[in-house]
Structures are given as C-alpha cells and as structure tokens.
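Here's a structure for you.
Nothing in this text is a laboratory measurement; each read-out follows from the coordinates by a stated rule. Keep in mind that what you see is a predicted model, and the values were worked out from it rather than measured. Neighbour counts are summed over all protein chains in view; Cβ atoms, including those assigned to glycine, are modelled from backbone coordinates with ideal geometry.
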Amino acid sequence: MYFTYEQPEFDLNDLDEIRRVIAEAYENGREHTSTGKVADYIPELAKANASDFGICVKNMSGEKLSFGETEKRFSIQSISKVINLAASLKFLGFRETFSHVKMEPSGDAFNSILKLDLASDLPFNPMINAGAIQVMSMLSNFMDYDDLLSFSRAFCMDDKIMLNEEVYCSERDTGDRNRAIAYLLKSKGVLQGDPDKTLDLYFKMCSLNVNAESLANMGLLIANGGTNPFTGKHIIHPGYIRTIRSLMYTCGLYDESGEYGVLVGIPSKSGVGGGIVASVKERWGIGTYGPALNEKGNSAGGIAALQHMSHLLRLNAFC
Ligand code: GLU
C-alpha cells in the first residue's frame with residue numbers, strides 16, 4: 001500500500017515509460033498473488049492456479065501492452081454484472097432499470113442477503129448478486145442466453161467468448177445462496193421475472209469465459225463512451241456509460257469499493273474468477289487476471305498492480 005502523496009511527474013505520451021511502469025506493476029501484482037487464495041465456494045473455481053497473473057492494457061489505437069497470463073480463459077463471474085447493467089440501460093432505459101434496483105454501495109459482501117431483508121426490499125445496487133439477479137429478472141422477459149452472449153461479445157469486442165460449461169454446472173449445482181436471494185426477492189414481490197429462468201441466465205453470464213484482453217477491451221469500450229473504437233460501432237449510449245462508470249467506481253469491488261476508490265480511483269469491476277476490468281476515461285482499458293483473492297473476494301494481484309499503475313501514472317479520477 002502506498003502511504004505517500006508524492007507522485008512523480010509523468011508524461012502520459014511517453015510509451016517507453018508507460019511500458020516500464022506497467023512491467024513493474026505486473027511484477028508487483030505477481031508477487032502479491034501469494035497473499036491471496038483461489039475461490040472454492042464454486043468447486044470449479046478451486047481448480048485455478050493461484051500463482052497465475054497477467055495484465056493487459058489497450059489504448060484507442062489498438063496498441064496493447066501485455067504481461068503474463070493474458071490469454072488464458074477464465075470465468076468472468078461478477079464482471080458480467082456490468083454487461084447485465086449495460087443491457088438493462090440500453091434496452092429498458094435508466095428510469096425503468098432504477099425503478100427496480102437502487103444505486104447505493106451496500107458495504108456488505110457480494111452475496112449478502114442481510115440488507116435485502118433488513119434495510120430495503122430493493123437490492124442496493126446492480127454490482128452485487130442481489131442487484132444483478134434483479135436486473136437479470138428484468139432482462140429475462142425479453143432476452144435469452146444467445147442475445148446476452150452476442151451483447152457480451154460486442155461489449156468485450158471478443159467474438160471468442162463462450163460458455164464455460166464446467167463452471168456453469170458447478171455454479172448451478174452449488175448456487176443455493178443465489179436461489180435464496182431470487183426467491184426472497186420474489187417473496188417481496190419485487191423480482192421481475194421467473195426466478196428459475198432468471199437464475200439460469202445469471203449463472204450462465206457468470207460462466208462466460210474471458211481473458212485479460214477481453215477485459216481490457218471492455219474497459220476500452222467504456223473509456224470510449226460506449227463506442228467500439230476500432231469499428232466505430234455504437235454499442236451503448238454515452239449517457240449510460242456515465243451511470244455504469246459511476247456504479248463501477250462506487251460499488252465495483254464489493255465491500256472494498258471505498259478503499260479501492262481512494263487507493264486506485266479508477267472505475268473498475270472485479271469477479272471471483274480473478275478478473276478485474278478497469279476503465280481510464282478516453283484513454284485505456286485495463287484487464288487483469290489473478291485468481292488468488294484477498295479476504296474481500298477481490299484479486300490480490302490485480303489490486304496491487306492497479307494501485308501501482310494508478311499511483312505512478314496518476315490515473316486516480318480525482319488526481
Ligand atoms: N457467480 C458468483 C456468485 O454468484 C459471482 C460472484 C462474484 O464474482 O462476485 O456467487
């Protein structure tokens with residue numbers, strides 16, 4: 001952790017310097033993998049290699065800096081919540097989406113059920129399980145898995161994204177906590193679709209196979225206001241991107257979002273498969289992969305590398 005407010009001057013156009021800093025960030029991240037452990041509550045995730053680490057940074061011209069494990073596919077897990085939210089904003093709009101889910105950080109673990117029963121009928125935000133299941137219940141009424149898959153491919157600029165069948169079956173077979181969330185929402189009359197269909201789509205979206213580069217692409221699309229910088233195709237309106245970035249910033253790292261916001265300060269979203277997507281407005285998409293997670297369920301290596309980069313390259317949104 002950096003305790004200093006001293007930051008060196010930096011020329012963000014100096015590619016050699018940037019390469020040097022990202023290489024250092026990679027080393028830093030790789031070293032920190034030993035401080036975490038892989039998720040095992042979904043049995044298939046426990047098979048990941050805890051010492052794997054990779055980082056991919058891409059700019060609007062398609063220049064790419066990759067270090068380590070950036071091609072290995074892993075399940076997107078909670079990072080799919082960003083795609084679900086994007087689909088909901090695009091196809092249902094802001095007002096309808098946020099009539100059914102709030103936009104407040106929860107301060108609780110990703111799969112917590114506490115606030116849902118004690119504090120509010122509506123889930124706190126779309127970046128935690130309850131909120132993503134709620135968003136999925138809305139989408140389930142007019143999108144099927146194939147629709148969501150093609151939207152995910154466009155959103156990550158990656159046509160090779162597929163379902164990881166093993167992870168999907170493992171999620172489905174052990175997803176009782178998510179079932180509890182969906183049925184609690186149904187019992188309150190707030191779930192917007194059939195719970196089993198909703199859960200099946202939710203599990204499938206968590207089980208999409210991405211790599212660090214797909215995540216860098218997703219970050220880049222968001223950094224570019226929702227337009228694919230290489231084809232010029234508009235995937236989602238820039239106004240919705242503002243909402244997505246804000247929620248990534250405030251809620252993207254579960255109950256570590258506040259600390260991450262101070263120490264890294266880049267709109268990001270993590271997943272228990274070990275990925276983190278980060279989006280530096282008008283500049284870069286960043287994807288990291290490191291399945292060794294800290295106690296909050298965030299990639300230990302990913303956080304260390306992003307903190308390193310953010311500090312030295314002054315990427316904090318409030319810098
Ligand atoms: N599929 C996971 C679950 O619902 C996603 C958790 C995550 O990545 O935060 O438990």
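Add -39500 (n - 2.57) for each DSSP H run of 4 or more in the chain, then divide by its residues: what number comes out at 222 nm, to the nearest 500 deg cm²/dmol?
-14000 deg cm²/dmol
Using a Förster radius of 35 Å, what is the FRET efficiency between ASP146 and SER120 based on their Cβ-Cβ separation? Nearest 0.05, please.
Calculated transfer efficiency: 0.55.
Considering the dipole of the stretch 138-229 built from charges on the beta carbon (Lys and Arg +1, Asp and Glu -1) around the Cα centre, which of GLN192, CYS169, PHE151 is farthest to its positive end?
GLN192
When the chain is fully extended, how far beyond the present Cα-Cα distance does ASP196 get from GLU295, taking 0.36 nm per residue of separation?
The span from ASP196 to GLU295 would gain 32.6 nm if fully extended.
Give me the number: length gained by fully extending GLU63 to ARG242, i.e. 0.36 nm times residue separation minus the C-alpha to C-alpha distance, one decimal in nm.
So the extension gain works out to 62.0 nm.
Here is a follow-up. Just to be sure I understand: with springs between alpha-carbon atoms less than 10 Å apart, which residue in GLY93, GLY193, GLY273 has the highest mean-square fluctuation in the Gaussian network model of the chain?
GLY93
Starting from the Cα of LYS47, draw a straight line to each of the lysines and keep only those under 28 Å, dropping any in the same chain fewer than 8 residues away.
Straight-distance partners of LYS47: LYS37, LYS72, LYS81, LYS160, LYS197, LYS204, LYS269, LYS296.
Within the stretch 124-209, report the chymotrypsin sites (Phe, Trp or Tyr not before Pro) that DSSP leaves as loop and that have at most 16 other Cβ atoms within 10 Å.
In loop regions of the stretch 124-209 (DSSP not H, G, I, E or B), the sparsely surrounded chymotrypsin sites (Phe, Trp or Tyr not before Pro) are PHE142.
Right, next: Between MET162 and LEU263, 0.36 nm times their residue separation minus their Cα-Cα distance comes to what?
Taking MET162 through LEU263 to full extension adds about 33.0 nm, to one decimal.
Please give the peptides 113-122, 98-107 ranked by average Cβ packing (other Cβ atoms within 10 Å per residue), highest first, as a rough proxy for protection.
Descending packing order for the listed peptides: 98-107, 113-122.
Among 171-180, 207-216, 248-257, what's the highest-first ranking by average C-beta atoms within 10 angstrom per residue?
Final packing ranking: 207-216, 248-257, 171-180.
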